[in-house]
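Notes for the one structure printed next.
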C-alpha cells in the first residue's frame, strides 16, 4: 500500500499520487466489477477518486449519472477517507438548459451529483469543458457561491486550453472569487501538447495538473497488435465513444511508436503500462495521473508505477522517441 501524497497545486489539500478515474463504471464495467476496482485502488493507497455527472463515457443521457450512483454506494462509510472529485457540463437531459456552465445548470448539477454520491460536499468540483455560450464570470460566480455555501471545497476545470485557464483565473482574482485550483487535461507519451504552454502556466500559477488518458485509452498497454482489428471489449471497440478513441490514437505511426516503447519497457523489465504511467507522473507540474480500468486486474500495472523509479536517462530516451507528439492542434 502506497502512502505517497502530493499537494493539489498551491492549495493545502493533499491527494494520493495517483487518482482513480471511473468513467467505465456502468457501461464497460458492471457494478460488481466497479466495486472491485474501487476496493483494489483504495486498498493500494489511492484515495483520490474522480468522476463526472455524465459518466459512464458513451452512455449518453440514458445512462448519465449511473457512475456517480455506483461510486456513491461504494462510498458509504468511507466518505471521510476519500478525496472526491466530480464534474459538470455535459447534457443530463434533453432540455437545452440541462447542460453547459450556466449558473442554473451548475447549481442543478451539483445538487444532483451530491444526491447520487450520497454526500453533502465535494472536495473538488470541475467544469468538464469550456462553454462558449456562458460568460466565464457567470460560471465562476456560481462556483464561488458553492464554495461559500460549503457544498464544494475547491474548484477546477477540465479540457481548458492554457489561455482560457489563464483568463478565468485572472477574472477570479480580479473579482475576489474562488479560482481554479486544478486543471484536467489529456496527456501521455502519444499526446504531449500540454507541455507547450499549459504545464508552464500551471507551475507558475500553482495549479494542480490531473492528467487523464496516461496510457492513451489502452494503446500504451501494447496489447493491440493490428491496426485493422480493434479488440472487442476495449476502449476502441465497445461503446459509442470508441470512435473518439480511434480518432485519437488508432494510427499507423502510433502503433510504430508503441512497438519502440515496448522494447524500452522490456529492457527496463516493467510493463509498458507501468512505464507510461510512471513517465507521466514524473513530468514537471504533474499532480496525480488519472488511471482507470474496466477490469480489476488492469489496475495492477498502473499502480506499479508508484514503485517504479524512472531514471533520468530513460526519461530523456522516451521524450526523444515521442517528441513528434508535441505537435498538433491546440485545444480551443
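Every read-out reported here was derived from the displayed coordinates using simple, explicitly stated rules and does not represent laboratory data. As the structure is a computational prediction, the values presented were derived from the model and not from experiment. In this analysis, Cβ positions are derived from the backbone assuming ideal geometry, glycine residues included, and neighbour counts consider all displayed protein chains.
Beta bridges per DSSP, both residues in the chain: antiparallel share near 15 percent. The label-point distance for residue 147 and residue 39, in a model that sets each label 7 Å from Cα toward Cβ, rounds to 3.8 nm.
Within the stretch 76-93, what residues put their amide N at less than 13 Å from the label point 7 Å along the Cα-to-Cβ vector of residue 11? So the set is 83-87. The relative contact order of the chain comes to 20 percent, based on Cα pairs under 8 Å that sit 6 or more residues apart. Using R0 = 41 Å, the C-beta based FRET efficiency linking residue 312 and residue 97 works out to 0.20. Note on the chain: helix-only mean residue ellipticity at 222 nm, from DSSP H runs of 4+ residues weighted -39500 (n - 2.57) and normalised by residue number, equals -12000 deg cm²/dmol. Look at 254, 23 and count the other Cβ atoms within 10 Å of each Cβ; fewest to most, that gives 254, 23. Name the shape class, rounded, prolate or oblate, that the alpha-carbon gyration tensor gives for the stretch 1-54, where a ≥ b ≥ c are the square roots of its eigenvalues, rounded holds for a/c under 1.5, and otherwise prolate holds if a/b is larger than b/c and oblate otherwise. Here the stretch 1-54 falls in the oblate category.
Note on the chain: GNM, Cα springs under 10 Å; of 245, 212, 130, the largest mean-square fluctuation is that of 245.
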